[in-house]
1. Identify the residue in the stretch B:21-41 that is surrounded by fewer than 18 Cβ atoms within 10 Å (Cβ to Cβ) and at the interface with chain A (Cβ under 9 Å from one of its Cβ atoms) and, among all such residues, is modelled with the highest pLDDT.
2. Between A:Glu107, A:Glu77, which is at pLDDT 95 or above, over 26 Å from the mean Cα position of the chain (by Cα) and closer than 23 Å to A:Phe27 by Cα?
3. Under 7 Å between Cβ atoms, at least 6 apart or on separate chains: pull out the pairs that start in the stretch A:130-159 with a residue that is at negative phi and end on any residue that is in a loop (DSSP other than H, G, I, E, B) and exposed (fewer than 14 other Cβ atoms within 10 Å of the Cβ).
4. Pairs, please: C-beta under 9 Å, at least 6 apart or cross-chain, first residue outside the structural domain of A:Phe98 (by TED's automatic domain parsing) and farther than 15 Å from A:Thr105 by Cα and in the stretch A:5-23, second of a type in the set (Ser, Thr, Tyr) and surrounded by 14 or more Cβ atoms within 10 Å (Cβ to Cβ)?
5. Taking the stretch A:128-142 only, how many residues are of a type in the set (S, T, N, Q) and assigned to a strand (DSSP E or B)?
6. Those residues that are surrounded by 14 or more Cβ atoms within 10 Å (Cβ to Cβ) and more than 7 Å from chain A (Cβ to nearest Cβ), I need them from the stretch B:44-58; list them, please.
7. Scan the stretch A:207-220 residue by residue and report those that are more than 14 Å from chain B (Cβ to nearest Cβ) and in contact (Cβ under 8 Å) with a residue 24 or more places away in the chain.
Amino acid sequence: MPVTQKLSEVVNEIEGTIRNRFSDRTFWIKAEIADVKKYADKRWCFLKFIEKSGAMVTAEIKGVFWSGTYNNITNFEKATQQTFNSGLEITCNVAVRFHKRYGLTLEVLEIDFAYAIGKLEMERKQTIERLINEQIVVQDAVTGQFYSFNNRLGLPTVIQRIALITAPDSDGQRDFQKVIRNNKYGYAFSVTEFLTQIQGDEAGKLISNKLKAIDPGKFDIVAIVRGGGSDTDFKAFNDFDLVKCVATFPIPVLTGIGHDRNTSITDLVARQNRTPTETATFIIDHNLNFDNEIEEFKERLSRAVDSCLDHAKKDLENYRQRIKNLSPATILKKGFAIVMMDGKIIIDPKKIPGNATISTLLKDEIIHSQVTKKTTDGTGFDIQ
Amino acid sequence: MEQGLTYSNAFTELQKLVRQIENEDIQLDTLAEKVHEANELIKHCESQLRSIEGDVRDQQNGAA
């Protein structure tokens, strides 16, 4: 019968050994995190650190944030604009702890944000380079602006049929719909929702799938919105496949994915507004522009018609005056006379015989007389 | 007025008519006809802007 020890004695010895060896040391490690469980109310977070060789996990250990360092997680999310979640690779400072009941754990003391940000920026840069290499986007050498097939598409004259990609029962969905429905100009819109999860690792793929399910012939534009002022987790919008899908989509894509400080690559290849509300307002303003142009043409039409009629009236008056100037009454007033014989106006004097009785019409009277003599010098008259 | 008339076609046509009238390129006896045509285009655009099949405001009272 072997001599046994109490479990606590062995565990105590392990604890003592570990404390002696590790209590005054900390380590900077770079590792992937998995099984992240956050307890925001208690400000605890449990997770696993893993290292992989290919698909195989070659090292694994439990990790923990206690309330004293929990704000590292919130700060990390703010700084990197991504959710602290399984699958991330982080660089952090850890201490080795042993608990008699819960065993060996690495307690996280600090996360190195710079590493995480640098890694994100590197990924972003690589994605942009790939988009340029594959001729999906072009960068303007002078302005630095990115151009894609999609963001160079002209917007339709009026936007009314909207395909809305958003998360179900979300702030973004509500904000967008509210602005569209309550527009004060009474513009009509038909909004078809394509609901999907819009955050997290799978989001890029899920959003691409929704986009592919949209029949471009049935809509004027696509709006992708995400709201609530959430700063974190727009990594999905830097996903190469999603960006490619948006950049090459045959009708204009408008984004409002709610972040102020950074622009996702999806925003770069589409038309960006900051929030769902701003995207909806942009659409209403676009229609308002058209409405204003119609209003302007209405006024121009009315002015043009007035001017047309005015000119016609003036022309008419002009002709009336000319006709009046040429009338016999006007001529008589100017001192000319009309010679008549046998009730007819005589134009050719040869038709008047030597002894004819003629009537001479002057301004107010008719003079009847007998011709006594006719002469001519053959040169006609020169009346000044 | 043609039902399937697009905004941009209606607008181009309206611009053309208004310019003709402004330039007095038209006979007085066709003025009334042209003005009527322009007014119909304006009415078409204004009413289309405010009514569309499947309007979100109609759905508010329905199941959606």
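The values are calculated or read from the model by the stated rules, or taken from the named source; none is laboratory data. What you see is a predicted model; the values in this text were computed from it and never measured. Don't worry about glycine lacking a Cβ; one is built from the backbone with ideal geometry, like all the others, and counts go over all protein chains shown.
1. Among those residues, the one meeting the criterion is B:Asn39.
2. On the way: A:Glu77 fails: at pLDDT 95 or above.
Only one candidate passes the filter, namely A:Glu107.
3. A:Ile136/A:Thr248; A:Tyr147/A:Asp140; A:Phe149/A:Thr248; A:Asn150/A:Thr248
4. Between residues of the stretch A:5-23 that are outside the structural domain of A:Phe98 (by TED's automatic domain parsing) and farther than 15 Å from A:Thr105 by Cα and residues that are of a type in the set (Ser, Thr, Tyr) and surrounded by 14 or more Cβ atoms within 10 Å (Cβ to Cβ), there is no close pair.
5. Residues in the stretch A:128-142 being of a type in the set (S, T, N, Q) and assigned to a strand (DSSP E or B): 1 in total.
6. B:His44, B:Gln48, B:Asp58
7. Within the stretch A:207-220, A:Ile207, A:Ser208, A:Lys210, A:Leu211, A:Lys212, A:Ile214, A:Pro216 qualify.
One line per residue, one yes/no per condition, for (1) buried (at least 17 other Cβ atoms within 10 Å of the Cβ); (2) touching a Gly at 6+ places or on another chain (Cβ under 8 Å):
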residue	(1), (2)
A:Gly186	no, no
A:Val191	yes, no
A:Gly204	yes, no
A:Lys212	no, no
A:Asp215	no, no
A:Phe219	yes, no
A:Arg226	yes, yes
